[in-house]
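Each reported figure results from applying straightforward, stated rules to the coordinates on display, with no laboratory input. On a predicted model such as this, the values are computed, not experimentally measured, just so you know. Backbone-built Cβ (ideal geometry, glycine too); neighbour counts: all protein chains shown.
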Amino acid sequence: MKMLHALGLSIALLVALWVYVSIGLPNLGFYPWIGFVAWAAFYAAGGGKDGVFKPLAAATVAILLTALTMFGVGEAGGGLVAMIGLVAVLAFVLVVLSDVAVLSYTPAAFLGAATYFGSGGKVDESVLFVILSWVAGLALGYASEALGKKMARPA
């Protein structure tokens, strides 16, 4: 089987599993779409171990910094001016974090921040579920690549 076809099939199978787990079992608290964002980040980072660790580090730090930013917005009264100023500072920080090798995958940092905002931007336990959804998506990316490679091997 061609690698592309094997990869497509492995992704399709694992997408079915992810949809079941993240939508069919809502009590687990996963965000289905965040898992897909993370899965895409895995492939955008080149796959393999780098495809897991580069996005994981950058996205996790960004999610935590974004939660801290939103806490700061709340402490500053929750107004638009506070949000504009603090989110601008956050954007600056997400870019300059690329000076740190493990955090240098800036696209994942912005995706992490965006998924946190998209989840509702609340400073509560949802922060953990955003991160767990990233971990699940990256793990599924890694698994889909490994399964695709196994399926592509000639019999």
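Tabulated data for the structure shown
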| read-out | value |
| --- | --- |
| Rounded FRET efficiency, nearest 0.05, which uses the C-beta distance separating ASP50 from MET3 and R0 of 25 Å | 0.85 |
| Global size of region 3-152 as Cα Rg and Dmax, reported in angstrom | 16.4, 56 |
| The chain: calculated mean residue ellipticity at 222 nm from DSSP helix runs of at least 4, using -39500 (n - 2.57) | -25500 deg cm²/dmol |
| Candidates LEU90, LEU17, LEU64: whichever shows maximal mean-square fluctuation once the chain is modelled as a Gaussian network with Cα springs under 10 Å | LEU17 |
| For peptides 46-56, 70-80, 109-119, sequence by mean Cβ density within 10 Å, most packed first | 109-119, 46-56, 70-80 |
